[in-house]
1. So which residues in the range 340-349 are within 14 Å of Glu316 (Cα to Cα) and loosely packed, with under 15 Cβ neighbours inside 10 Å, if there are any at all?
2. Of all residues in the range 66-91, count the ones that are charged (D, E, K, R) and surrounded by fewer than 17 Cβ atoms within 10 Å (Cβ to Cβ).
3. Tell me the residue from Arg48, Arg52, Arg83 that is of a type outside the set (S, T, N, Q) and over 24 Å from the mean Cα position of the chain (by Cα), please.
4. Hey, can you tell me all the residues within the range 240-262 that are surrounded by 23 or more Cβ atoms within 10 Å (Cβ to Cβ) and either of a type in the set (S, T, N, Q) or part of a loop (DSSP other than H, G, I, E, B) (or both)?
5. Look at the range 194-217 and say how many of its residues are in contact (Cβ under 8 Å) with a residue 60 or more places away in the chain, aliphatic (A, V, I, L, M) and under 26 Å from Thr342 (Cα atoms).
6. State whether one or more residues within the range 132-147 are among the polar types (S, T, N, Q), more than 15 Å from the chain's Cα centre (by Cα), surrounded by 20 or more Cβ atoms within 10 Å (Cβ to Cβ) and not in a strand (DSSP E or B).
7. Has the range 149-167 got any residue that is at negative phi and among the polar types (S, T, N, Q)?
8. When the range 106-131 is examined, which residues are found to be surrounded by fewer than 24 Cβ atoms within 10 Å (Cβ to Cβ) and touching a residue at least 40 places away in the same chain (Cβ under 8 Å)?
Amino acid sequence: MKQFTVNTPSGAYAVVSGRGIAARSGALLDSLEPISSVFLISSPVVWRRWGRLVEESLQQAHATKTILFDDRERSKTLATAERLCRGLAQAGADRRSLIVALGGGVVGDVAGFVAASYARGIRIVQVPTTLLAQVDSSIGGKTGVNLPEGKNLVGAFHQPRLVITDPKMLKTLPARQYRAGLYEAIKYGVIGDEMLFRFLERRLGEVLRQGPAALSWVLERCIRAKAEVVSADERESGLREILNFGHTFAHALEAATRYRKFLHGEAVGWGMIAAAQLSVRMKLLASEEEARIAQLVRRVGPLPKLPAIKPERLVELVRADKKARSGRLRMVLAQRIGAVETVEDVPENLVKSTWRDLAARGKS
């Protein structure tokens, strides 16, 4: 078992990673006492695969109640959060209760938002079951739900008290879900880890096959990077913004399609291709580097075709992104593989031309 520490002003916590450790979830909570009750929040799909294993481990030490909800992106709403909060209230949850979020990014985001809100904040442990959640979303305390106007526009920073990452859980993931997580791993290579990017270029086949050694190396590299960034900038006031490379375009795509067409990682895949192209147009990135980024993203597997969105509508959605300032377009763009920067006042015409070019290619 490997352990990584996240140090934030809100407190320090561990990310533990190892094959089979989900079966020890109950014992791993010992450091979090006192706990009056445990609420396991998951989805029906995840529950059928892993719920009983985790629940039985928790029940060995704590009274545990399970609450399930639909974990599709379109269910990531205030209505869902309200239903979960009412479920906690009806079951007698108090300020010493603990939520264990078992699932992918949607479960983690929604359960985290519920934990941040219920009784003005109770503790949460994340047990991520998707690659995307294991390398990214389970760490760092960003929680939230979507609005029709944009992704994650309602939320809070609420750090978990522990993250339990078990690569064994990835074996049951559908191939599409697994690939979606790899796009986030590529992101870490682009934003600050050229060695990771080169590793993925050379050994992508092993990682796609979930070769234990290659997969563990990628997981540990991404977890360490996320822990370091969050420790340096808990609330996204500076350095942490680099984690949004590709996400401005991605969130616009998701909102434009009402969260029904793309898995989040797939939208990030397209978003990174778009951000790299825009970086070239802004004369920040060499075209050879842009080609490497696009090629690696496409090698992961087929992305859903891009929808027909007018450039003007895309810009409108980009303006609604949380990173925008007073309506000005603001994006994380690449300088080279391994380094990015936040650019203020990105020209609208370049965003539109990037989208037109990408949309034309994306139809083929």
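The values are calculated or read from the model by the stated rules, or taken from the named source; none is laboratory data. Note that the structure is a prediction, hence the values are computed from the model and not measured. Positions of Cβ are backbone-derived with ideal geometry, glycine not excepted, and every protein chain shown enters the neighbour counts.
1. The answer is Pro347, Asn349.
2. Step one: list which residues in the range 66-91 are charged (D, E, K, R), which gives 70-74, 76, 82-83, 86.
Imposing the further condition that a residue be surrounded by fewer than 17 Cβ atoms within 10 Å (Cβ to Cβ) reduces the set to 70, 72, 74, 82-83, 86.
So the count comes out to 6.
3. Answer to the selection: Arg52.
4. Passing the criteria: Asn244, Phe245, Gly246, Thr248, Phe262.
5. 1
6. Among the residues of the range 132-147, not one is among the polar types (S, T, N, Q), more than 15 Å from the chain's Cα centre (by Cα), surrounded by 20 or more Cβ atoms within 10 Å (Cβ to Cβ) and not in a strand (DSSP E or B), which makes the answer no.
7. Within the range 149-167, one or more residues are at negative phi and among the polar types (S, T, N, Q).
8. Ala116, Arg123
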